[in-house]
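One structure, pasted below without further comment.
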Amino acid sequence: MLKIINPAQGGTIAELAEDSADSVLAKYKAARAAQPAWAATPLAARLAAIRRFRAGIVDHLERLAAILTSEVGKPIRQSRNELNGLLGRVDFFVDQAEGALAPREVFSDSGMREVITNEPLGVIANISAWNYPYFVGSNVFVPALLAGNAVLYKPSEYAMLTGLEIGKLLHASGVPQDVFSVLVGGGRVGIELLKEPVDGVFFTGSYATGARIAQAVAPRLTKLQLELGGKDPTYVCDDVDPATAAASLADGAMYNTGQSCCSVERIYVQAASFDAFVAAFVKEVQGFKVGDPTHEDSYIGPLTRAQQVKVLQIQVADAVAKGARVLTGGHALDLPGGHWFAPTVLVNVNHDMTVMREESFGPIIGIQSVADDAEAVRLMNDTDYGLTAGVYTRDEARARQVLAQVHAGSVYWNCCDRVSPRLPWSGVKHSGVGLTLSTEGITAFTRPKAWHLRSA
Ligand code: NAD
């Protein structure tokens, strides 16, 4: 049985029967059998089903937000924000699908025509993360279903109730049961799923698991897409108001209790602004309300996974041992039952410390002083990851020059921790391969077929 734990209080809120090797195989076979009819269903009917799914999210928003908060510990307002944000993503896919999936004639001359069609991949595996289950799930299953694929969806074991709700809503919206199957369980069920000859593997999660999955599926030459972690840096120049930048970046670092793939995880501040920025940043962080995620005014909730408390404790201890100073937080919070960590700000940090190199995935930040743009660029690129990076400056040309040199999938000028459905979402280096979102995030679930057509 899979136990669902409330991370804020520590109690078991549900026990679910896990999928077995046999049930995974049965779901795979059912998906394989059901997919051709789904692909043959007119796009208009598939679009109508996804529109009904969207309406279902709206109708059940409060209940779904409460479930998400209960199992992930996401503060309730942030759970609602995620569901409301999902609506915009669904709208984007619904608006763009027809154009993105339409056949394209790319040549026509003397009776010879060349056409490209977008064929569904077939049956795809979607193994997903817990931190934004609606976002990271829907980035895959909505365009995949619109493109005519069947989806075997393995939500994270930390967001399984949410995954099951997604399944119920899709089925109630007209997506056939076998075209969208939810697989219940953790890594073991993910391993079982990848034994099946699926036509695409779309994974969101950590680099460590992503690398394991890449090795597992490599011999099969299956399409593989990996959306992985980050150690996202931001550089604050001395021409901006330090307090304004600090307010924006404190939110970017601590929103969702710092458990976002694109959380700000490292900040570099030009020396002249350093003290003012740090003072304003600490003030912001100390103003964040830590507490019961079901309360409307809570901004920081528990860590979703108990083991992450230890990871953060080790990062703080390592940094302090190497000369860092803790300005606020730096320790677990002794709240009854759950797993909590105090919002933490460290200075006197450097790249010998794990807190500046390894993904923290919690409410913790290191702030380092830099002399100039060149030093900032060097440090921002001194990482195994490359998901996002940002610059705060009044000068757009300067921002563009810095960001052009930074190796990251997304770059931000005077903003952070932002995802748009209109733009591709991707990482470089250990942050992943492939992309979701944008119109390319629709065709990612198809294979282009080349038609050479000569009239007789
Ligand atoms: P994780 O790697 O622990 O687990 C992800 C999924 O993989 C889960 O569903 C898990 O059950 C499954 N899994 C675990 N071992 C497996 C195996 N051997 N074979 C197949 N499946 C297996 O990651 P997580 O804790 O769920 O998510 C947090 C990570 O995800 C962070 O690193 C975060 O940055 C990253 N993330 C990235 C993005 C992005 O868009 N780039 C978005 C959200 C989260």
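The values are calculated or read from the model by the stated rules, or taken from the named source; none is laboratory data. Since the model is a prediction, treat every value here as computed from it, not as a measurement. Note that we place each Cβ from the backbone using ideal geometry, even for glycine, and neighbour counts take in every protein chain shown. Remember, those area values only see protein heavy atoms, side chains included, never the ligands or the DNA or RNA. Shrake-Rupley method; radii C 1.70, N 1.55, O 1.52, S 1.80 Å.
If the requirement is being hydrophobic (A, V, I, L, M, F, W, C) and open to solvent by 10 Å² or more (accessible area, probe 1.4 Å), which of these qualifies: 166, 191?
191
Against the condition open to solvent by 50 Å² or more (accessible area, probe 1.4 Å), of a type outside the set (Phe, Trp, Tyr), within 16 Å of the ligand (Cβ to nearest atom) and within 24 Å of the chain's Cα centre (by Cα), how does residue 253 come out, does it pass?
no
A further question on this structure: Give the residues of region 422-442 that are closer than 29 Å to residue 107 by Cα and either over 19 Å from the mean Cα position of the chain (by Cα) or not polar (S, T, N, Q) (or both), sorted by residue number.
Residues satisfying the conditions are 422, 423, 424, 434, 435, 437, 440, 441, 442.
Looking at 318, 334 in this structure, which one is open to solvent by less than 40 Å² (accessible area, probe 1.4 Å), over 27 Å from the mean Cα position of the chain (by Cα) and more than 16 Å from the ligand (Cβ to nearest atom)?
318
Now for a different question. For region 215-224, indicate whether the set of residues that are at pLDDT 95 or above and under 24 Å from residue 265 (Cα atoms) is non-empty.
no
With the requirement that a residue be assigned to a strand (DSSP E or B) and either within 16 Å of the ligand (Cβ to nearest atom) or open to solvent by less than 10 Å² (accessible area, probe 1.4 Å) (or both), what does region 108-138 give you?
Passing the criteria: 123, 124, 125, 126, 127.
Please verify whether residue 172 is under 27 Å from residue 101 (Cα atoms), open to solvent by 20 Å² or more (accessible area, probe 1.4 Å) and of a type in the set (A, V, I, L, M, F, W, C), treating the condition exactly as stated.
Working: under 27 Å from residue 101 (Cα atoms): yes; open to solvent by 20 Å² or more (accessible area, probe 1.4 Å): yes; of a type in the set (A, V, I, L, M, F, W, C): yes.
In short, yes.
Which condition breaks for residue 142 when tested against (1) in contact with a strand residue (DSSP E or B) (Cβ under 8 Å, 6 or more places away or on another chain); (2) within 23 Å of residue 441 (Cβ to Cβ)?
All conditions pass for residue 142, except number (1).
Okay, moving on. Please specify each residue of region 283-315 satisfying the condition of being hydrophobic (A, V, I, L, M, F, W, C) and open to solvent by 60 Å² or more (accessible area, probe 1.4 Å).
Selection gives 314 alone.
Hey, another quick one. Out of curiosity, is residue 433 out of contact with any Pro (no Cβ under 8 Å at 6 or more places or on another chain), under 22 Å from residue 200 (Cα atoms) and within 12 Å of the ligand (Cβ to nearest atom)?
When the stated conditions are applied, residue 433 passes them.
When residues of region 186-214 are filtered for being under 30 Å from residue 265 (Cβ atoms) and assigned to a loop (DSSP other than H, G, I, E, B), how many remain?
The qualifying residues number 3.
Is at least one residue of region 434-447 on the phi > 0 side of the Ramachandran plot, open to solvent by less than 10 Å² (accessible area, probe 1.4 Å) and in contact with a Leu (Cβ under 9 Å, 6 or more places away or on another chain)? Write out each step before concluding.
Here is the first cut: in region 434-447, the ones on the phi > 0 side of the Ramachandran plot are 434, 437-438.
Then keep just the ones that are open to solvent by less than 10 Å² (accessible area, probe 1.4 Å); that gives 437-438.
Add one more test, that the residue is in contact with a Leu (Cβ under 9 Å, 6 or more places away or on another chain), and what stays is 437-438.
Scanning region 434-447, I find at least one residue that is on the phi > 0 side of the Ramachandran plot, open to solvent by less than 10 Å² (accessible area, probe 1.4 Å) and in contact with a Leu (Cβ under 9 Å, 6 or more places away or on another chain), so the answer is yes.
Going by the structure shown, is residue 172 more than 7 Å from the ligand (Cβ to nearest atom) and closer than 26 Å to residue 33 by Cα?
Yes, satisfied.
Also: Could you tell me which of the residues 281, 288 is closer than 18 Å to residue 361 by Cα and among the aromatic types (Phe, Trp, Tyr)?
The match here is 288.
So residue 215 ticks every box in (1) surrounded by 16 or more Cβ atoms within 10 Å (Cβ to Cβ); (2) within 10 Å of the ligand (Cβ to nearest atom); (3) within 30 Å of residue 309 (Cβ to Cβ) but one. Which box is left unticked?
Among (1) surrounded by 16 or more Cβ atoms within 10 Å (Cβ to Cβ); (2) within 10 Å of the ligand (Cβ to nearest atom); (3) within 30 Å of residue 309 (Cβ to Cβ), the lone unmet condition for residue 215 is (1).
Let me ask another. So how many residues does region 194-212 have that are more than 8 Å from the ligand (Cβ to nearest atom) and open to solvent by 50 Å² or more (accessible area, probe 1.4 Å)?
2
Starting from region 193-207, keep only residues that are closer than 12 Å to residue 222 by Cα, then list their pairs with residues that are charged (D, E, K, R) and within 12 Å of the ligand (Cβ to nearest atom) whose Cβ atoms are within a distance under 9 Å, requiring at least 6 positions of separation or different chains.
Going by the 9 Å Cβ cut-off, the qualifying pairs are 202/227.
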